[in-house]
Amino acid sequence: MTTLAADREIEHLMTLHPKGFDLSLDRITRLLERLGNPQERLPPVIHIAGTNGKGSCAAFSRALLEAAGHLVHVHTSPHLVNWHERYRLAAEGGGKLVDDQVFAEAIARVAKANQGQKITVFEILTAVTFILFSEHPAEAAIIEVGLGGRFDATNVVARPAVSVIMPVSLDHEAYLGDRVEVIAAEKAGIMKRGCPVVIGAQESETALEVLIETAERLDCPTVVYGQDFLAFEENGRMVYQDEDGLMDLPLPRLPGRHQFANAAAAIAAVKAAGFEIGHRAAEQAMAQVAWPARMQKLSQGRLVDLAPKGSEIWLDGGHNPGAGVVIAEALAEQEEKNPRPLILISGMINTKDQSGYFSAFKGLARHVYTVPVSKSDAGVPNDELALRATEAGLSAEPVSSVANALMLLRDSWDGPAPRILIGGSLYFAGAVLDENGTPPT
C-alpha cells in the first residue's frame, strides 16, 4: 500500500499546526459544523477511555463484533508505523486499513473546511475519523480516546452506544493532573447522561469511586468489573461471567493475565451497546484477536535475524508504571511455563516515569540495553535512560540501536537462548516494527 498521498497531506498540516494536544472542544466543534456534523451520522459508537488497555479493549471489541458477522469501523491512536493504522474501515470478512487515496482526500477536505483557523493536527485527524466513518457503511464504530476524555477531540459524540473506562492510573500528568482521582474525573468525562457505561478493572479504589459516582450522577446504566462481570482462568481456559451466566472460552491470543480483564470489558461493552454475542463468536474472537506491539511475539524479520539463535522476542509499547507491572506479570507467567533469562531492550520518552516502569522488572530482568527513540523528539538519551534503569535496581548499559543491542547480545551470549522484551514506548515499538519489516496490516 502506497502511503505517499496521505503522508504528504499530514506533513503539510504539521507545518501549519501544532502536533500535540490542546485540550478543548471548541475548535473541533466549529470544524465539524463546517463539515455538516458528520459525528451525528455514525453507526452505534463504542467509546473507550482509560490509561492502559484502551487499545486491547478496542481490539477485542472488534474481534467480537466481526466474529458475530458485523461490519465495524475502528479508530485508534497513536499509530505505530503508518498514519493509516488509525482508521480501519468496515469490510466483509474483516475491516481493512483505510485506502491511501480515500484517506488523503478526506484530510484535504477537512483542512479546507478549517480555513486556516488555529487547530491541532490531532483535531483535524479526529474530524477525518468522523468523515470516514459517516460516509462508509458499518453497523458499529469503535472509537478510542486520544488523551484524557472530557476535552478529547473524540468526545463530541452526543449519544454513544456505550462509554468504556479502562484502568486509570497516572500518565500525561502535564495535561491531566497528578492525582489519580483527577485523572479518573477527566476519563469519566466521556460518559453521557443516560447512556450505558462499562467500567473495566481498576487498580485504584479512588478512581473506581470517582467513575461510579459520575455514572450514577448521570443516570447511566452501569456495569463494573468485579461486581457485575469478571473473567478468570480455570483449567487452561478463560471463563467470562456476568448476570447472563458463564462463557467458557479459550485463553485470549493476546498473552498476559491482564488481557482477561480487557477481554471481559470488551464483551461487557459489546453487550451493553446492544449486540448479541454468541458463544461461538466469543470463542472465535479470543482465538483471532490481534493488537500489534502489545506483547506481540516477533518470529521473523530483519531484527529478529540478529538475535541469538533460538531467542524468544516480545515487543510491547507499554510505557508507564502500570503498563510495566502488567508486562512484567505476563513475562513472569512465561517464565513459569518456560524458564529463560530475560533481557530488556528499552527506549522511552521524557514524559514518562522511566524508573517507575523499570522497577516492575526488578528481580526478573537479567540486563537492560537502553537505546534512543528515533521516532520522537522527546526521546530520553540512552545514557540517561540507563541511569534510570540502574536507579530501579537493574543492570543496564546504553547502546546506539536495537540492532546493535541484538548483535552485542548474540556475540557475547553464552547459555540458554534468552527471552527478549523490546519496549518502553509506542513510538519506539513502531520504529522497531518498521525496521524489522513487519508493520501492522
- Among the residues listed as Gln284, Gln259, the single one being in contact with a Ser or Thr (Cβ under 8 Å, 6 or more places away or on another chain), under 23 Å from Tyr225 (Cα atoms) and not assigned by TED's automatic domain parsing to the domain that holds Met407: Gln259
- Go through (1) of a type in the set (Val, Ile, Thr); (2) more than 14 Å from Ile422 (Cβ to Cβ); (3) assigned to a loop (DSSP other than H, G, I, E, B); (4) in contact with a helix residue (DSSP H, G or I) (Cβ under 6 Å, 6 or more places away or on another chain) and name the single condition Thr351 misses. (4)
- Query: What are the pairs, 6+ residues apart or on separate chains, where a residue within the range 273-286 that is closer than 11 Å to Gly69 by Cα has its Cβ under 9 Å from a residue that is of a type outside the set (Ser, Thr, Tyr) and surrounded by fewer than 11 Cβ atoms within 10 Å (Cβ to Cβ)?
  - Reply: Ala281/Gly69
- Taking the residues in the range 10-39 that are under 25 Å from the mean Cα position of the chain (by Cα) and among the acidic types (Asp, Glu) as candidates, determine which candidate is modelled with the highest pLDDT. Glu11
- Item | Of the criteria (1) part of a helix (DSSP H, G or I); (2) at pLDDT 95 or above, which one Gly310 fails | (1)
- Message: If the requirement is being part of a strand (DSSP E or B), surrounded by fewer than 20 Cβ atoms within 10 Å (Cβ to Cβ) and assigned by TED's automatic domain parsing to the domain that holds Trp413, which of these qualifies: Arg302, Arg340, Arg366?
- Response: Arg366
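Condition (residue is assigned by TED's automatic domain parsing to the domain that holds His258, over 22 Å from Gly318 (Cβ atoms), touching a residue at least 24 places away in the same chain (Cβ under 8 Å) and assigned to a loop (DSSP other than H, G, I, E, B)) applied to the range 144-152: is it met by at least one residue?
Yes: one or more hits.
For every residue, the table says whether it meets (1) at pLDDT 95 or above; (2) among the small types (Gly, Ala, Ser).
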position	(1), (2)
Glu181	no, no
Gly194	yes, yes
Val198	yes, no
Ala215	yes, yes
Leu218	yes, no
Gly226	yes, yes
Ala231	yes, yes
- Matching residues in the range 71-102 - criterion: being among the aromatic types (Phe, Trp, Tyr) and farther than 22 Å from Glu40 by Cβ: Trp83
- In this structure, is Val402 closer than 28 Å to Gly50 by Cβ and either assigned by TED's automatic domain parsing to the domain that holds Ser169 or buried (at least 23 other Cβ atoms within 10 Å of the Cβ) (or both)? no
- When the range 75-101 is examined, which residues are found to be under 21 Å from Ala49 (Cα atoms), in contact (Cβ under 8 Å) with a residue 40 or more places away in the chain and outside any helix (DSSP H, G or I)? His75, Thr76, Ser77, Pro78, His79, Leu80, Tyr87, Leu89
- Can Phe122 be described as in a helix (DSSP H, G or I) and modelled with pLDDT of 95 or more? no
- Item | In the range 228-246, the residues that are crowded, with 19+ Cβ neighbours inside 10 Å and either of a type outside the set (Gly, Ala, Ser) or out of contact with any Leu (no Cβ under 9 Å at 6 or more places or on another chain) (or both) | Phe229, Met238, Tyr240
- Kindly indicate which of Leu249, Leu254 is within 24 Å of the chain's Cα centre (by Cα), among the aliphatic types (A, V, I, L, M), more than 15 Å from Ala68 (Cβ to Cβ) and surrounded by fewer than 23 Cβ atoms within 10 Å (Cβ to Cβ). Leu254
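The values are calculated or read from the model by the stated rules, or taken from the named source; none is laboratory data. Because the structure is a prediction, the values reported are computed rather than measured. Cβ: placed from backbone, ideal geometry, glycine included. Neighbour counts: every protein chain shown.
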